[in-house]
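The structure under discussion appears below in the form of structure tokens.
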Amino acid sequence: QVQLVESGGGLVQAGHSLKLSCSASGFTFSSYTMGWFRQVPGKEREFVAGISGGGRGTSYADSTKGRFTISRDNAKNAVYLEVNRLQVEDTAVYYCARGSAIYSSVKGPFGVWGQGTQVTVSS
């Protein structure tokens with residue numbers, strides 16, 4: 001059974017950093033692009049970043065370039081999202097996602113989702 005479980009969210013002050021983790025199971029992790037998305041109430045889910053199966057290729061949304069870093073550890077079946085200089089506007093539920101097919105683009109499509117972890121940034 002394919003499963004993605006996010007962790008690391010919480011309440012953080014603006015200007016601080018946060019690292020989200022996603023633990024994957026039930027599939028050959030290194031064969032799949034992984035990604036992070038975020039969603040706020042009333043808005044569509046937004047692509048944040050993607051990383052290729054081997055970890056060499058990455059892609060970021062224009063709104064997240066420079067402060068967000070995606071990485072993965074294939075030995076641990078884990079993908080991470082580090083966010084620096086957090087802003088109130090980063091408040092959202094963050095979702096881990098798996099590419100829909102083996103060796104798909106770092107920009108997707110994505111077809112498997114975790115349950116999400118809430119990140120709340122206070123001013």
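The values are calculated or read from the model by the stated rules, or taken from the named source; none is laboratory data. Note that the structure is a prediction, hence the values are computed from the model and not measured. With ligands, DNA and RNA removed, areas are computed over all heavy atoms of the protein, side chains included. Shrake-Rupley method; radii C 1.70, N 1.55, O 1.52, S 1.80 Å.
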- line: Taking a probe of 1.4 Å and leaving out DNA, RNA and ligands, the chain shows per residue an accessible area in Å² of 50 Å²
field: the chain, relative contact order [Cα under 8 Å, separation at least 6], %
entry: 35 percent
query: When the accessible area of the chain is split by element with a 1.4 Å probe, what percent falls to carbon and sulfur?
result: 48 percent
Qualifying lysines (Cα of each under 23 Å from Cα of residue 65; at least 8 residues distant if same chain): 19, 43, 107
